[in-house]
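What follows is one structure encoded as structure tokens, with my remarks underneath.
What follows is calculated from the coordinates using simple rules that are stated; it is not laboratory data. Treat the numbers as computed from the prediction; the structure is a model and nothing was measured. Cβ: placed from backbone, ideal geometry, glycine included. Neighbour counts: every protein chain shown.
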Amino acid sequence: MSGLINSAGSKSGVIENYYSKINQPAFSVWSSDSNQTVGQAAWTTWAHNQTELDNKGGVHANNYYEVQSGDNGYWFLIGTVHWGGTIESTETIAGAIFLNSTEIQSVWASPTFGGGDNMFCTVNAIVNASVGSKFYLNGWHSGASTTVMMNGSDKNTTFMGFKLLI
């Protein structure tokens, strides 16, 4: 431990480098709006309206996070699409993370029973993003028009991410 704190009591060396990177860019969003309808068999961008965390100002009302100047590099992203309405046993539901207009990672599910409600697709990804890159959470389903992405004050559908320390 000697040499990590100098005689003036301030951080030095490895600890100083660690502390200077703790305030990494991060965001977390959710929606208090009504449930969001989703077109059948087409990726639909999830619409958020509440920001729980955005320490670099990258959250946009157009439903994406944009990588800010100096924040390029590897990011860990995680999103959960909470599906509701009438989910039929013949239906497929999905959640995906998009980088700009490209699908990066997706999770697909099919219920084993008809008339279900409250199913989740949680997806995560590590992406190498440049300044100006945009992160989106999207949903997709093949079923009835009553199948929706759930929103509300209990933070049903969420999307968050942070820049990795590498």
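Counting other Cβ atoms within 10 Å as a rough exposure proxy, the listed residues V107, V131, V123, V38 run V131, V107, V123, V38 from fewest neighbours to most. Given a Förster distance of 41 angstrom, what is the FRET efficiency for T92 paired with L165, based on the Cβ-Cβ distance and rounded to 0.05? Step by step, r from the Cβ atoms, then E = 0.65. The H on the amide N of Q105, modeled in the peptide plane, is under 5 Å from the matching H of I97, each at least 5 residues off or on a different chain. On the basis of the beta-carbon distance and an R0 of 41 Å, D117 and N62 show a calculated FRET efficiency of 0.90.
Rounded to whole numbers, the Karplus 3J(HN,Hα) couplings from phi for the range 80-86 are 10, 9, 9, 8, x, x, 9 Hz, using 6.51 cos²θ - 1.76 cosθ + 1.60 with θ = phi - 60°, and x at Gly and Pro. Electrostatic tally near M150: other residues with Cβ closer than 12 Å to its Cβ, Lys and Arg +1, Asp and Glu -1, net -2. For V59, the residues whose modelled amide H falls within less than 5 Å of its own, excluding neighbours fewer than 5 places apart on the same chain, are E66.
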